[in-house]
1. Return a yes/no flag: does the range 17-38 have any residue that is exposed (fewer than 10 other Cβ atoms within 10 Å of the Cβ), hydroxyl-bearing (Ser, Thr, Tyr) and modelled with pLDDT under 95.
2. Does residue 68 satisfy the criteria of being at pLDDT below 85, surrounded by 10 or more Cβ atoms within 10 Å (Cβ to Cβ) and part of a helix (DSSP H, G or I)?
3. Have a look at 46, 33, 25 and point out the one that is without any contact (Cβ under 8 Å) to a residue 24 or more places away in the chain, part of a helix (DSSP H, G or I) and under 29 Å from the mean Cα position of the chain (by Cα).
4. Condition first: exposed (fewer than 10 other Cβ atoms within 10 Å of the Cβ) and not in a helix (DSSP H, G or I). Can you find one or more residues in the range 3-15 that meet it?
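The values are calculated or read from the model by the stated rules, or taken from the named source; none is laboratory data. A quick note: this is a predicted structure, and the numbers were derived from the prediction, not measured. So basically every Cβ, Gly included, is an ideal-geometry build from the backbone, and we count neighbours across all protein chains shown.
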Amino acid sequence: MVEDNPSNNSHQDQDDESDVKELEAQLNEIESALDNLESQNDNILAKLKDVLESNREIRKEFASLNKKEDVQESKTLNQKQENADVSQLQKMHELSLNKKAANSKGDLKSEKASSKLKKN
């Protein structure tokens, strides 16, 4: 039978206590590392949210600019169409005036011819 030696028990208790303290120190290091990782993760998440919000704002600005450009382009196209319509109306008016002038000259010639015939 093995007899309990008080010095062996004391030595064993010290070894056990030393192992426990070493494990506690390792657990503290692990906990500290995990806390550090959690903090970094929170920082990354906050930065990501900032980037996403910034991206949303930029997309809104681009959409607004594109809408303004589309409106301006539409106005420009409408103005060009109006100018073309006015130009066409002016040409039609000139043709109409030319026809009236030609008809008036024809009428004058007819009147002169008819008055000559009456005189004769």
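1. So in the range 17-38, the residues exposed (fewer than 10 other Cβ atoms within 10 Å of the Cβ) come out as none.
The answer is no; no qualifying residue exists.
2. Numbers: at pLDDT below 85: yes; surrounded by 10 or more Cβ atoms within 10 Å (Cβ to Cβ): yes; part of a helix (DSSP H, G or I): yes.
Yes.
3. Values: 33 fails: under 29 Å from the mean Cα position of the chain (by Cα); 25 fails: under 29 Å from the mean Cα position of the chain (by Cα).
Checking each option against the conditions leaves just 46.
4. Pass one, the range 3-15, residues exposed (fewer than 10 other Cβ atoms within 10 Å of the Cβ): 3-4, 6-7.
Next cut, not in a helix (DSSP H, G or I) only: 3-4.
Among the residues of the range 3-15, at least one is exposed (fewer than 10 other Cβ atoms within 10 Å of the Cβ) and not in a helix (DSSP H, G or I), which makes the answer yes.
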